[in-house]
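Asks: What follows is a single structure, and I will ask about it in a moment.
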Amino acid sequence: MPTFVYMTSCDGCGHCVDICPSDIMHIDTTYRRAYNIEPNMCWECYSCVKACPQNAIDCRGYADFAPLGHSVRALREEAKGTISWKIKFRDGHEKDFVSPIRTTKWGTIPSPSDYAAPDAGEYANQELAHEPDALNIEGGLPALAPDQLKQGVV
Ligand code: SF4
Ligand code: SF4
């Protein structure tokens, strides 16, 4: 569901421009409002939707779940810590999905610089830095041993 901007709600703050990983949210140089320059390249990550303080960004729903005449409204309510998705179908009925923005308190996730640097032995390890701790998996990620991988080879 690529995103688009209601330019009458946008105040041109640029948060969506800063956060878009696909670099497709741009500020129109004449109107000083944001717009999605290439919806085909949208990752549909909705970072822009969540970052927009004006709730000015919406999504085009796919026809299989929201046919013509639908609308998809995303609403970020930071005070409640929720993101709501309201889908309105063309026959008038609505579905609301409310999700927590996150399950940990704001500011509690340490940044990479807060961790000790990995030692040389860890470079030979396939896990990402701090991965077992971050995933809360006892003993690391389950993985196939090399001899198990060979069992299926004839
Ligand atoms: Fe960019 Fe993601 Fe927003 Fe698409 S949904 S415009 S990729 S931030
Ligand atoms: Fe406009 Fe929202 Fe983007 Fe700010 S984050 S420029 S208000 S669309």
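The values are calculated or read from the model by the stated rules, or taken from the named source; none is laboratory data. None of the values given here were measured: they were computed from a predicted structure. Cβ coordinates were reconstructed from backbone atoms using ideal geometry, including for glycine residues, and neighbour counts include every protein chain displayed.
Asks: Out of contact with any Leu (no Cβ under 7 Å at 6 or more places or on another chain), without any contact (Cβ under 8 Å) to a residue 12 or more places away in the chain and closer than 17 Å to D58 by Cα, is that true of E94?
Replies: yes
Asks: What strands (runs of 3 or more DSSP E) completely inside the range 40-154 contain at least 2 residues that are modelled with pLDDT of 85 or more?
Replies: 57-59, 82-88, 94-100
Asks: Kindly indicate whether any position in the range 28-35 is away from ligand 2 (no atom under 13 Å from the Cβ) and in contact with a strand residue (DSSP E or B) (Cβ under 9 Å, 6 or more places away or on another chain).
Replies: no
So that you can scan it fast, the table gives a plain yes or no per residue for (1) surrounded by 17 or more Cβ atoms within 10 Å (Cβ to Cβ); (2) near ligand 1 (Cβ under 10 Å from one of its atoms); (3) more than 21 Å from P100 (Cα to Cα):
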| position | (1), (2), (3) |
| --- | --- |
| T8 | no, no, yes |
| D11 | no, no, yes |
| C16 | yes, yes, no |
| P21 | no, yes, yes |
| D28 | no, no, yes |
| M41 | no, yes, yes |
| E44 | no, yes, no |
| D58 | yes, no, no |
| Y62 | no, no, yes |
